[in-house]
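**Q** A single structure is presented below for examination.
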Amino acid sequence: MYKIEKQNLTALFRKIAEGRDLYLPVESAGQVNFAAWDEEAKVSLDTTKTVKSPKDAFFPQSETLYTCKKEGKKLEVTQEALREKGFVVFGMKACDVRGVEVLDRVFLSEPVDSYYQARREHGVLVALACKEPEESCFCTAFGIDAANPVGADAEKPAGDHTMNQTGADVAVWDIADWLYWKPLTEKGEALTESVRGLLTEAGEEEVLAEQSRIRAVLKRLPYADLSLEGWGGDATKEKFDSPLWETLYRPCLGCGTCTFVCPTCQCYDIKDYRTKDGIQRYRCWDSCMYSDFTLMSAGNNRTTQLQRFRQRFMHKLVYYPANNDGLFSCTGCGRCVEKCPSSLNIVKVIKAFAKEGGARNE
């Protein structure tokens, strides 16, 4: 365990950024999101949740896949270069670290997504414990410990199906005037060694006390007792056929806000863009809440907003865990709770089904 005075954080960021890119929470135009660090960046490590999750670092909102050029009868196809430069994502919360695990199981399963894989191989995750969990948070329902942001599977053995990349590489805690630093993986040890001159040895007593304080706060949050009883991979028919969807979906605007702030949503579309030099094929985030999602010449397999609304939550709470050893495709970050213009979110769905079944959380 190490520590560094917070007044020296700029020096730490400067050292990390030597030879690699550094992304961390930066305030711009009144909002905080993960962005590239420079000397002028207004870093905001005190922000509990960025507007969007940092999944952008591994699964960008838009990225070019390849370019096509035609000269006469000659057609040239050039694949976009894979990520080769190392980078650090600094300040990820435990819920967002879990989000990366969810994405890993999608993009690193066969056939492996080479663009995502390259970013995971070259990226280092520095996770920051939540100092002040917010009322919209419910990560504990999914077994996430916001006080100890190491990632549920940080110590998977080599050869694991997620390439042993799941989880944080370094965990840090913001305590008084210090930032406590704990390397967790080989990547984390290498990063620690590169900044070793700025760190001092530290005991774990202060961190353990901070963890106890954070967990006490988590127990007092409004959704602390949220139960996932009845959800999971065995609940497909029961939940799919429920008449509750008919009531729940009606206020939904189909705006897609929930999907764009979510740390685990992985839907994307592939489009072509004509430039003066040829055609660029790129992919960009898409939303299962849109009426034209997966639309083809023959139509769409989900033609109503009810069907689209149900699909989103069935995937998070039933379909994904059915195919991923019980892991839910929600991390309880609460962004959808805060951002939905119609006050619809996964908590409301879970509570509605619990009430219908006579369970707690009425």
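Every read-out reported here was derived from the displayed coordinates using simple, explicitly stated rules and does not represent laboratory data. Note that the structure is a prediction, hence the values are computed from the model and not measured. As a convention, Cβ positions derive from the backbone with ideal geometry for all residues, glycine included, and neighbour counts pool all protein chains shown.
**Q** Taking H as built 1.01 Å from N, whose amide H comes closer than 5 Å to the amide H of Ile175, not counting residues under 5 places away?
**A** Amide H neighbours of Ile175: Tyr180.
**Q** Another one. With unit charges on the beta carbons (Lys and Arg positive, Asp and Glu negative) and the dipole taken about the Cα centre of the chain, which residue among Leu191, Gly91, Gly203 sits farthest to the positive side?
**A** Of the candidates, Gly91 comes out farthest on the positive side.
**Q** On a C-alpha basis, how far is the centre of the stretch 1-26 from the centre of the stretch 204-269 in Å? Whole number, if you could?
**A** Rounded to whole Å, the Cα centres lie 32 Å apart.
**Q** Using a Gaussian network model on the chain with a 10 Å cutoff between Cα atoms, which of Met314, Met296, Met92 fluctuates the most?
**A** Met296
**Q** Moving on. Is there a quick way to get the dipole size of the stretch 19-145? I mean about its Cα centre, with the Cβ of Lys and Arg at +1 and of Asp and Glu at -1; what is the value in debye to the nearest 20?
**A** For the stretch 19-145, the charge dipole is close to 480 debye.
**Q** Under the definition of Cα pairs under 8 Å and six or more residues apart, what whole-number percent is the relative contact order of the chain?
**A** In percent, rounded to a whole number, it is 20.
**Q** When Lys and Arg each count +1 and Asp and Glu each count -1, what net charge do the other residues less than 12 Å away from Cys288, Cβ to Cβ, add up to?
**A** Residues close to Cys288 contribute a combined charge of +2.
**Q** Using mean Cβ contacts within 10 Å as the protection proxy, how do 125-136, 13-24, 95-106, 229-240 order, highest first?
**A** Result, highest mean Cβ count within 10 Å first: 95-106, 125-136, 13-24, 229-240.
**Q** Suppose every Lys and Arg Cβ carries +1 and every Asp and Glu Cβ carries -1, with no other charges. What dipole size does the stretch 192-318 come out with about its Cα centre, to the nearest 20 debye?
**A** In total the dipole reaches around 680 debye.
**Q** For the stretch 2-161, what class follows from the C-alpha gyration tensor (a ≥ b ≥ c being the square roots of its eigenvalues): rounded when a/c is under 1.5, otherwise prolate if a/b is larger than b/c, else oblate?
**A** In terms of gyration-tensor shape, prolate.
**Q** Counting pairwise Cα distances across the chain, what percent come out greater than 28 angstrom?
**A** Considering the chain, 48 percent of its Cα-Cα pairs are separated by more than 28 Å.
**Q** A further question on this structure: Can you tell me how much longer the chain between Glu110 and Tyr66 gets when fully stretched, taken as 0.36 nm per residue apart minus their C-alpha distance, in nm with one decimal?
**A** Gain in length upon complete extension: 13.8 nm.
**Q** Separate question: If you add up the charges near Glu84, with Lys and Arg at +1 and Asp and Glu at -1, over every other residue whose beta carbon is less than 14 angstrom from its beta carbon, what do you get?
**A** Residues close to Glu84 contribute a combined charge of +2.
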